[in-house]
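The values are calculated or read from the model by the stated rules, or taken from the named source; none is laboratory data. All figures in this text were calculated on a predicted structure; none of them were measured in a lab. All Cβ positions, glycine included, derive from the backbone under ideal geometry; neighbour counts span all protein chains shown. Please note that ligands, DNA and RNA were not included when accessible areas were found on the heavy atoms of the full protein model with its side chains. Shrake-Rupley method; radii C 1.70, N 1.55, O 1.52, S 1.80 Å.
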Amino acid sequence: MKFSLSWLKEHLETEADIHAVADCLNRIGLEVEGIENPADVLAAFRIAKVLKANPHPQADKLQVLIVDAGDGPVQVVCGAPNARTGMTGIFGPAGAIVPSNGMELKVTAIRGEMSNGMMCSLFELALGEDHDGIAELPDDAPKGESYALWAGLNDPVIDVAITPNRQDCMGVYGIARDLAAAGLGTLKPLKTPIVAGTFACPIDIRTDDTDGCPAFYGRVIKGVNNGVSPDWMRARLKSAGQKPISALVDITNYVMLDHGRPSHAYDLAKLTGAVVARRAKDGEQVMALNDKLYSLNPDMTVIADDNGVHDIAGIMGGTHSGCSDTTTDVLLEIAYFNPERIAKTGQALMLTSDARSRFERGVDPGFMGYGLELISSLILEICGGVASEVVKAGEAPLTPRSISYDSAYCAALGGVEVDAEKQKAILSSLGFGIGMDWAVTIPTWRRDIDGPADLVEEVVRIVGIDNIPSTPLPRGEGVAIPTATPMQKLERKMRRAAAALGLNEAINWSFLPEKEAAAFGGGEWTLTNPISEDMKVMRPSLLPGLLSAAQRNMDRGASSVRLFELGRRYFKAADGSSDERLTLGLLLAGDKTPRGWASGKAVKFDAYDAKAEVMALLGAAGVATDALMVMQEAGDHYHPGQSATLRMGPKNILASFGALHPATAKIFDLDGAVIAAEIYLDAIPAKKASGFMRPAYTPPVLQAVTRDFAFLVAADLPSGDLVRAIKSSDKDNIVAVHLFDQFVGQGVPDGQKSLAVEVTLQPDEKSYDEPELKAISDTIIAAATKLGAVLRG
Amino acid sequence: MSELNWQENLADYRNTYLPKITNCQDLEALDGLRIELFGKSGWITLLLKTLGQMLPEERTAKGPVIQDLRQILLTALNEKKTALETAALNDRLATERLDMTLPAPSFPRGSVHPVSQVMDELAEIFADMGFAVAEGPEIEDDWRNFTALNIPETHPARAMHDTFYFPGKNADSRDMLLRTHTSPVQIRTMTSQEPPIRIIAPGRVYRSDSDATHTPMFHQIEGLVIDKGIHLGHLKWTLETFLKAFFERDDVVLRLRPSYFPFTEPSVEVDVGYSITNGKRVIGGSESWMEVLGSGMVHRKVIEACGLDPDVWQGFAFGTGVDRLAMLKYGMDDLRAFFDGDNRWLGHYGFAALDVPTLSTGVGTGVGA
């Protein structure tokens, strides 16, 4: 909400300057968003006398003027036909910036004659539309004085952000009242213009929708001249950012901005029959003043006559009955509309207006009679005419509301002691009535107040929130108690483990294009109103976001991408609520190691890199990775032969990893091997808290022994099966099985492969003797044989 | 052999062999000398054997002389051997010289995203003040996101939140949406745990807004205290204490302004003082102000909606942008870059895995620290 300082001073008696006003507004909760003084850009422009106007020797349409702007005669070349000896105008010297186009004036020769500045039109000063000639000022305008000061333009404009609860401050008067309560000045009493009706209202006014429009006041004014509104009103409207239109429209706009009270003026000639507030009929249409056609429904209140709708009640009037230059008789409407209905109608029509923003917040129901008189008197004063008697249909909700208040609540909730008498004075100055035993009556314009906490807020904001003393929160004894949950600890540990492994943490959008979600099994949540098609489906996997990020990096010329993200995947629970699963996704693309003087060509990532990352991360999470099962079914987005899942038991999938399916990579415009993995943090079993004590352990005294075995096995036997079989064949002695060679080729029959393992045996009390080693070896070979393995000679 | 001759003979040997040993050029030749002297039929070996055939007096006289000679030659041999070995080693090492300016294999350097880092910092600071970290779903119902927070359907404040909606309703017939703020975690906490409550709730939030300074997804952190006798003064202290700890500056100055949020009464917006240094906003002092936090005393209706008695329990709540805090502290100026996954940006603004925020080191990670 914007208004000029002089407008504020119409209602507030104060000596405060603009900065004092702004500080006070901020202090009491009316946030100042900006201060602008229109005089600032005009500072260089001064009132000047044209001492002499001579024809330009080289150009018919130009004149050479000698002007005096207070510093003695100066020569200026001027093209305006109205420039003449003896006139008074506005001079911009060299160095001044022309407000309309931002050009800097310079000393220059025009067709051989020196010009030391410019005589300006109001258009050039961005003060009007008139650019037929230079501005002409009265003869008594003082030569040399700043034009802006003389013209009263030195009037700074404040822009205030009004929070949705403060409808009462959506008019300058309400802001003045708040400032007065804060001690910045004295609120001037309102004039009470009573316009006596001289004839009965010639048109029937009623409300058939007392829910949507509880009260509808109106009157007719005949014989008006809808010309241009007076300068002072035009200036104020402009300061508020409103374009003056015509006197009648300007007057209703002015009262809206001055008192936060919208109203409407209809051209009486365009109305037929009774004017009624009623529900719209289904499909009924109206062409609104923004030149858009709206289709209405019975949830919406309208003002209509026999011929149809003239006004979307409380939101926007219709073009048909709007006031124009030819309007001579008007019907004034000042009504009270149900705020909730206005909000719903506005939301449904997606139509915002100054009127809606005030009505939906709830205008002052006590202002209707006064408002109508104020508008009437302004019309009579500016446009002439005669007024009818006032018709009042329905009743505004004026039942007084009161709150029982305890002045001690101010300290209990607000944290600041304010003397009870002081509290009383503050509330009174804001219009509250204080009765016996602190029964506080709420003024009709404060719809936002509905409990004692609101009264505390009123008191503390006027006292100044900065005056509340800081009070430490009570603190427990000793050092702070740890608060992180096991899941939070896991998340933090995994994040830093991933970073320690050389991965960069990215944060990607939670929503995906439909196509990308579909490639990962499809999302279960699709937005009704996405901001774009690219941000539509809640992600079922972290990989699409990582792939897009990898692709952007590759497009920027990156040769290697190592990214991870720790975030949620979104699924739907049976009860329709959200099932969000914390997941760590990682992606490796491009070069694992760059080409090097020692290592040769660059090495690309492969599926085993994903396995290594996953194993390291699960290890960091405290999972015994040796015990995990490596199984298939990593998902269709993976390469079917180069991917796997890691499971704790056959059903619980802790992670999936592998090379991405080339078709999936192609969706993201990625070439070459793209390696990915996801770890499902929600699937990792929570560890039982068991204190800090580790299980007892003493390193064995005797040295471990290693034995190598090579087996021929079927080519499709997973090597992990062999390792597992050997490892579990003699758990007392075998502590590790390390597969160190896999070979296919000469010496190995077709359909088979050779696998070599190093088995580590740990003696306990005494060293192994040969028969013991032979027995263990036989057990190992027997276990391998069960898998069809044959010991190589 | 006369005594004199015997002695001269020994001296001759010594004078012959010592220069031979000293001038020996390789280990093989030196080993040859060793065998000539100390081998099975080496000259010294034979000489030592003569000792056994001597009469005691003779032995007493000649023994020490022979032993001396033996020792001198042995020492000379050993010294020469060591010298030749050292020379040979040095020769070998000279051929093994590497260009140590060649690059060594490098370890990839990972990083933690600034948003995660700042969330860890906040958790650390608030843990010290007794706040736990609470969480809630990002896909919420409209009751927890709006209604329970005293934002009824027609409330103009709903329009302040550009909300993303999903079709359909949950089992409670509530509309489903992407939470527009972390405040529904207040509702989840108050409906699931008994006061006293002290929590912070960081997380992703969503608004259908996208321009140079707004992204449709961003991060907020919510704070909530519900207890007996909590008032605005406690809120003020908490925010001051938190911001001083976060920016690690004593000159953090707050300006509290009355404001409006439907779920708090009174409501307070908090500005923090800053100055411009090298084109960047630096927190501290009171030269200029910027808004950093929304807060207030939790509205009675919200406490009631959560099934608590507002005449017994009261408290405060606050919320702020995590991305924004990160930008103010670490100097990024483009929010959109937070969500771009650019390796270079992550490498520059990200944090090392071991930069774990702790109170004893200061929660922030300084440049060059």
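To the nearest 0.05, how large is the calculated FRET efficiency for B:Lys49 and A:Ser767 if R₀ is 41 Å and r is the Cβ-Cβ distance?
Efficiency, from the Cβ-Cβ distance: 0.30.
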Which residues in the range A:744-783 have a backbone N closer than 20 Å to a point placed 7 Å from the Cα of A:Tyr608 along the Cα-to-Cβ line? A:744-746, A:752-760
Starting from the Cα of A:Val228, step 7 Å along the direction of its Cβ; do the same at B:Arg97; then give the gap between the two resulting points in nm. 9.5 nm
Take the alpha carbon atoms of the range B:298-368, find their center, do the same for the range A:556-588, and report the distance between the two centers in whole angstrom. 21 Å
Using a Förster distance of 51 angstrom, determine the FRET efficiency expected from the C-beta separation of B:Gln7 and B:Asn90, and round it to 0.05. 0.80
Inter-part distance where the range B:194-240 and the range A:76-143 are each reduced to a Cα centre, Å: 57 Å
Compute the angle between helix A:452-463 and the longest alpha-carbon principal axis of chain A, please, reported from 0 to 90 degrees and rounded to the nearest 10. 70 degrees
Quick note, the range A:596-674: a/c under 1.5 would make it rounded; otherwise a/b > b/c is prolate and the rest oblate (a ≥ b ≥ c, C-alpha gyration tensor); here it is oblate
Could you calculate the contour length gain from A:Thr526 to A:Lys731, that is, 0.36 nm times the residue separation minus the distance between their Cα atoms, to one decimal place in nm? 68.6 nm
Where a ≥ b ≥ c are root eigenvalues of the Cα gyration tensor, a/c under 1.5 meaning rounded, otherwise prolate if a/b exceeds b/c and oblate otherwise, the range A:177-218 counts as oblate
Nearest 10 degrees, 0 to 90: what angle lies between the long axis of helix B:56-95 and the longest principal axis of chain B (Cα atoms)? 40 degrees
Between A:Thr779 and A:Leu149, the two model label points (7 Å from Cα along the beta-carbon direction) sit apart by a distance in nm of 10.7 nm
Accessible area per residue in Å² at 1.4 Å probe, computed on the range A:313-397: 35 Å²
Using +1 at the Cβ of each Lys and Arg and -1 at the Cβ of each Asp and Glu in chain A, identify which of A:Met494, A:Ile312, A:Gly92 lies farthest towards the dipole's positive end. A:Met494
Accessible area (Å², 1.4 Å probe, nearest 10) - A:Glu340: 80 Å²
Go through A:80-91, B:59-70 and give me the packing order, highest mean Cβ count within 10 Å leading. A:80-91, B:59-70
Lysines within cross-link reach of A:Lys727: Cα-Cα under 19 Å, excluding same-chain residues under 8 positions apart? A:Lys774, A:Lys786
With label points built 7 Å along Cα→Cβ from the Cα atoms of B:Phe107 and A:Val705, find their separation and express it in nm. 3.8 nm
Determine how large the accessible area of B:Tyr349 is when every protein chain is in place; take a 1.4 Å probe and give Å² rounded to the nearest 10. 60 Å²
Kindly identify the range A:575-713 as rounded, prolate or oblate by the Cα gyration tensor criterion: order the square roots of the eigenvalues as a ≥ b ≥ c, call it rounded if a/c is under 1.5, otherwise compare a/b with b/c, prolate if a/b is larger, else oblate. oblate
Residues along the range A:510-549 losing 40 Å² or more of accessible surface when the other protein chains are present rather than the chain by itself (probe 1.4 Å): A:Phe511, A:Trp525, A:Leu527, A:Thr528, A:Asn529, A:Ile531
Can you give me the angle between helix A:18-27 and the longest principal axis of chain A, using Cα atoms only, in degrees from 0 to 90, rounded to the nearest 10? 50 degrees
Charged-residue dipole, Cβ positions (Lys, Arg, Asp, Glu), the protein assembly as shown about Cα centre, Debye nearest 20: 2140 debye
On the formula 1/(1 + (r/R0)^6), with r taken between the Cβ atoms of A:Ala43 and B:Met290 and R0 of 35 Å, the FRET efficiency rounded to 0.05 is 0.75
Gain on full stretching of the segment that runs from B:Ser275 to B:Ala61 - 0.36 nm per residue minus C-alpha separation: 67.0 nm
Choose one of B:Ala326, B:Pro105, B:Trp345: the residue whose Cα lies farthest towards the positive end of the charge dipole of chain B (beta-carbon charges +1 Lys, Arg; -1 Asp, Glu; about the Cα centre). B:Pro105
Treating only the Cβ atoms of Lys and Arg (+1) and Asp and Glu (-1) as charged, compute the dipole magnitude of chain B about its Cα centre; round to the nearest 20 debye. 620 debye
Within the range A:545-638, pairs of Lys residues whose Cα atoms are less than 29 angstrom apart, provided they are eight or more positions apart or on distinct chains, add up to 4
